[in-house]
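The values are calculated or read from the model by the stated rules, or taken from the named source; none is laboratory data. Note that the structure is predicted; figures quoted are calculated from it, not measured. Methodologically, a virtual Cβ is constructed for each residue, glycine included, from the backbone with ideal geometry; neighbour enumeration extends over all protein chains shown. These area figures cover heavy atoms from the full protein model, side chains too; ligands, DNA and RNA do not enter into them. Shrake-Rupley method; radii C 1.70, N 1.55, O 1.52, S 1.80 Å.
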Amino acid sequence: MAGGRDAGWLLPPDLDRLKTLERWCELLLELVRERIGEIETAARIAEAAAGRPVPAPVVEWQIQYGIGASNAPMLIHTGDCTLTSGRTRPATRAQAVDALRHPQVEPCGVCDAGRLLGAGDP
């Protein structure tokens, strides 16, 4: 642990409760990131209303959709991946993680989106 402290006394000893705690932390992190996004959006709107130039929003994740009637999600890319096509749409981290839960959706191997989203973790 950071700072050389042992946090063993703070954490449950069994795997089931540790997994539950891990999921709770993931959900809390998603909520914090969503709130940060809301505050950043409000700041951009306020700057636009004040007449200042508004920076373009940062796209962290992109979902690439297939061709055809189903137009289903196919690939998850990072926002700066060079392999994206015109069939991609910006996505939040939560949307990207949710899309990866579908068997037909894969993370891009070039930008390493799967690792960055934790898709390779056990």
### Query
What is the gain in length, in nm to one decimal, between Arg35 and Arg89 on full extension, counting 0.36 nm per residue of separation less the C-alpha to C-alpha distance?
17.4 nm
### Task
Could you do me a favour and compute the accessible area per residue for the chain, 1.4 Å probe, result in Å²?
73
### Query
When volume of the Cα convex hull per residue in Å³ is calculated directly from the model, which label among (1) 175; (2) 107; (3) 120 fits?
(1)
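Tell me, what is the percent relative contact order of the chain, built from C-alpha pairs under 8 Å that lie six or more residues apart? Can you show the working numbers first?
On the way: 118 pairs, mean separation 21.6, N = 122.
18 percent.
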#### Entry: Two-site FRET efficiency, Ala49 against Glu26, from Cβ-Cβ distance with R₀ of 35 Å, rounded to 0.05
0.50
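Would you mind telling me the share, in percent, of accessible area of the chain contributed by carbon and sulfur at probe 1.4 angstrom?
Working: 5290 of 8890 Å².
Carbon plus sulfur share of accessible area: 59 percent.
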### Message
Suppose the Debye formula is applied to equal point scatterers at every Cα of the range 46-105; what is log10 I(q)/I(0) at q = 0.15, 0.16, 0.17, 0.29 Å⁻¹?
### Response
-0.52, -0.57, -0.61, -1.20
### Query
Where does helix 15-49 land angle-wise versus the long Cα axis of the chain, in degrees 0 to 90, nearest 10?
30
